[in-house]
Amino acid sequence: MLANFNFMVIFEYLPLFLSGLKSTFLISLVTLVLALITGIIACSMRISGIKTLQYPAIAYIEIMRSTPLLIQIYFLYFGLPSLGIVVPEIQTGIIALMLNSGAYIAEILRAGIKSVDQGQIEAGLSSGLNYVQRMRFIILPQALGVTVPPLLGQAIVMVKDTALLSLISVAELTRSGQTMTSERFMPAEAFLTVAFFYMCIYFCLKYLADWSQRKLIFREVY
Amino acid sequence: MIEFKGVNKWFGKLHVLNHIDLKVQKGEVLVVCGPSGSGKSTLIRCINKLEPIQKGEIIVNGMSVHDSATNLTKLRTEIGFVFQQFYLYPHMTALQNITLAPVNVKKIAKAEAEKIGREKLDRVGLAEKADAYPAQLSGGQQQRVAIARGLAMSPEIMLFDEPTSALDPEMIGEVLDVMVSLASEGITMCVVTHEMGFAKKVADRVLFMDEGKIIETGKPADFFDHPQTERAADFISKILSH
Ligand SMILES: Nc1ncnc2c1ncn2[C@@H]1O[C@H](COP(=O)(O)OP(=O)(O)OP(=O)(O)O)[C@@H](O)[C@H]1O
Ligand SMILES: [Mg+2]
């Protein structure tokens, strides 16, 4: 089957794929930073113990986790303009991905914080450390160790989710495959190439995840 | 130094502390014992407000513990707390565990705090373990570091919640030895323990609790040899048969 592939076409379209790869990479990077911020805020609200902060955070997290990402993207894509808010597709897409990933990140962070023994927090309390000091010196250094690998896992999921933005005509990697398909009708070649580039990103992130895990586990054993 | 005035506490429907009245004098060593679930841990955890209370008042050093106007940080720096499970911070060395609160709560300069920290480690016989992580220490050593961590704040009161119950038998002695020498230095101590030897040696008073009530108090020799109540006699015969 591979013998029938027209590799020349792929080379012809390489600049298109590379620009698609570039925007997938940039969208992912921007989304990841924003999603981290969103996740930190949502997690802080969720564990604050203050009901007026807690309930909105829980509602946000559960809505994001219980509905398909594609629906969330469409909701913003068609919903925002009907509210009179007009933003370019690419920003709509980034907002949708940010909100979606942010909810998962909030839960990853919360699990990390909860993994720290309550007794150590009481030890901190009884020596007079305040909330910020307990977070900074006791909880976060330990929580970070257990959160980094699942955060990178979430980053991998998020990169692949950017493919859905092709459906609201954002010019990213999957969209370049669609463009080539519609111009030349060679879907197999087009999407094989697209898949190959996603795999490249995946293996880079996976390498990072494995490396961080080794580092962190090593730290646990001392 | 510590005074309970009509203290009541509930966990839901469970009446864990049932009208507790108690005075602990400066320099006194009080041993608290009683069956599991009788409220011993809850009693001493109320002293530094690890637990809220619903009725009554606790006064420590003239400060009303559960009054929201009380400076809780100041109160807690005057009270050291040693847990059954040690609860050292696993990502810090022994010395870092000890200097964390002096540097950040008492705002003592780092070099000075480390000097105090090393003194306290020496005090519990672990001078050479300053740079060891908790995972590299035995249970007895970890508990001694935890005691040094409490001492580094120069507290007037030390609270111990079953400090030797999580230890292998051969390590109990080394921890008790440290506590015995502390008792002779005049620190006010409240110790939840079933170590009768320790109680007889250093306690000024033994307090026996059951079902959230103080059933009996007395000098250790009187309490262990001639308990006044049947419940206490029953309890003592049980710990003796171990
Ligand atoms: N956070 C809590 N929520 C609800 N119930 C609790 C809580 N902490 C303790 N209790 C209950 O309160 C009672 C007294 O507990 P406490 O830990 O003070 O007993 P104890 O005398 O220290 O027992 P042990 O010897 O087992 O340590 C127990 O019945 C326990 O189950
Ligand atoms: Mg207890």
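The values are calculated or read from the model by the stated rules, or taken from the named source; none is laboratory data. The model shown is predicted, which means the values in this text are computed figures rather than measured ones. So basically every Cβ, Gly included, is an ideal-geometry build from the backbone, and we count neighbours across all protein chains shown. Ligands, DNA and RNA are stripped out before the accessible areas are found, and what is left, the full protein with its side chains, is counted by its heavy atoms. Shrake-Rupley method; radii C 1.70, N 1.55, O 1.52, S 1.80 Å.
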Give the average, rounded to an integer, of partner chain Cβ atoms located within 10 angstrom of each Cβ in A:117-125. 6
Of all DSSP beta bridges in the protein assembly as shown, antiparallel share, percent nearest 5: 55 percent
Would you tally the net charge around residue B:112, using a Cβ to Cβ cut-off of less than 14 Å, leaving residue B:112 out, and scoring K and R as +1, D and E as -1? +4
Show me the ranking of peptides A:59-68, B:183-192 by mean Cβ neighbours inside 10 Å, starting with the highest. B:183-192, A:59-68
Quick one: Debye curve from the alpha-carbon atoms of the stretch A:27-186 only, equal weights, vacuum; give me log10 I(q)/I(0) at q = 0.17 Å⁻¹ to two decimals. -1.01
1/(1 + (r/R0)^6) with r = Cβ-Cβ of residue B:74 and residue B:177, R0 = 25 Å, i.e. FRET efficiency to nearest 0.05, evaluates to 0.20
Which residues qualify? For residue B:207, with a placed amide H closer than 5 Å and at least 5 residues away or on another chain, they are B:31, B:32, B:33
Rounded if a/c is under 1.5, else prolate if a/b is larger than b/c, else oblate: which is the stretch B:1-90, with a ≥ b ≥ c the root eigenvalues of its Cα gyration tensor? rounded
With every protein chain left in place, what is the accessible area of residue B:74 in Å² (1.4 Å probe, nearest 10)? 100 Å²
In whole Hz, what ³J(HN,Hα) sequence does the stretch A:80-87 give by Karplus (6.51, -1.76, 1.60; θ = phi - 60°), x for Gly and Pro? 4, x, 5, 8, x, 9, 10, 10
Of the residues A:154, A:82, A:41, the Cα lying farthest along the dipole of the stretch A:16-215 towards its positive end, which is defined by charges on the beta carbon of Lys, Arg, Asp and Glu, belongs to A:41
Can you return the lysines within cross-link range of residue A:51? Criterion is Cα-Cα under 26 Å, with same-chain partners fewer than 8 residues away left out. A:114, B:9, B:13, B:49, B:55
Starting from the Cα of residue A:85, step 7 Å along the direction of its Cβ; do the same at residue A:210; then give the gap between the two resulting points in nm. 4.2 nm
Rounded, prolate or oblate: which fits chain B, taking a ≥ b ≥ c as square roots of the Cα gyration tensor eigenvalues, rounded meaning a/c under 1.5, else prolate when a/b beats b/c? oblate
What is the average number of partner chain Cβ atoms found within 10 Å of a Cβ in B:86-95? 5
Size of charge dipole - chain A - debye, nearest 20, with Cβ of Lys, Arg +1 and Asp, Glu -1, no other charges: 560 debye
For residue A:62 and residue B:115, what is the calculated FRET efficiency with R₀ set at 35 Å and r taken between the beta-carbons, to the nearest 0.05? 0.10
Inter-label distance for residue B:57 and residue A:167, nm, one decimal - labels placed 7 Å from Cα along Cα-to-Cβ: 6.6 nm
Residue B:188 long-range amide H proximity, modeled H, under 5 Å: B:27, B:158
What's the extension gain from residue A:48 to residue A:114 if we count 0.36 nm per residue and subtract their Cα-Cα distance? 22.5 nm
Using just the C-alpha positions of the stretch B:64-137 as equal point scatterers, what log10 of I(q)/I(0) does the Debye formula give at each q in 0.14, 0.18, 0.21, 0.24 1/Å? -0.52, -0.80, -1.00, -1.18
Fraction in percent of alpha-carbon pairs per bin - 20 Å, the protein assembly as shown: 20, 39, 24, 14, 3
HN-Hα J in Hz across the stretch A:44-53 - Karplus 6.51, -1.76, 1.60, θ = phi - 60°, x for Gly and Pro: 4, 5, 4, 9, 5, x, 9, 4, 5, 8
For all pairs of alpha-carbon atoms in the stretch A:97-221, what percent lies in each bin of width 5 Å, listed from the first bin to the last filled one? 2, 10, 14, 15, 14, 12, 9, 7, 6, 5, 3, 2, 1, 0, 0
Of the listed peptides A:70-83, B:54-67, A:149-162, what is their order by residue-averaged count of other C-beta atoms within 10 Å, with the highest listed first? A:149-162, B:54-67, A:70-83
Relative contact order, percent, of the stretch A:16-215 when contacts are C-alpha pairs under 8 Å separated by at least 6 residues? 29 percent
For chain B, with +1 on Lys and Arg beta carbons and -1 on Asp and Glu, the positive-most of B:82, B:100, B:239 along the dipole: B:100
Would you pull out the residues with amide H under 5 Å of residue B:195's amide H, same chain only if 5 or more places away, H placed 1.01 Å from N? none
